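Quick note: the coordinates plus some simple rules give every number you see, no bench work behind them. All of these numbers come straight from a predicted model, not from anything done at the bench. When we count neighbours, we look across all protein chains shown, and the Cβ atoms used for this are built from the backbone with ideal geometry, even at glycine.
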Amino acid sequence: MILRKTFWLAATTTHPVQYQKAMNAIAKHSRPAYDQLRNLDAKSWTKAHFATTSKADNVENNMSESFNAWIINERYNPA
């Protein structure tokens, strides 16, 4: 249970120092688990290593989908 909580702390923390502290705690509890996590690309599973910049500046599709979902009941009423 401690290892699971520590793993989720490492995965969800947004600060690299906190991530390293969590990884050190994982290493103390289970060296094989630590080694397996270190073999993974941290950018793919930890918030501390996610890119903070947008990959695309085009958000019109999401905006139109949200708007359409919001007005779906009103769409068929007469103006």
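Worth pointing out:
- Quarter of Cα convex hull surface for region 2-70, i.e. mean projection, nm²: 6.5
- Label point distance in nm, Lys21-Ile2, each placed 7 Å from Cα along Cα→Cβ: 1.7
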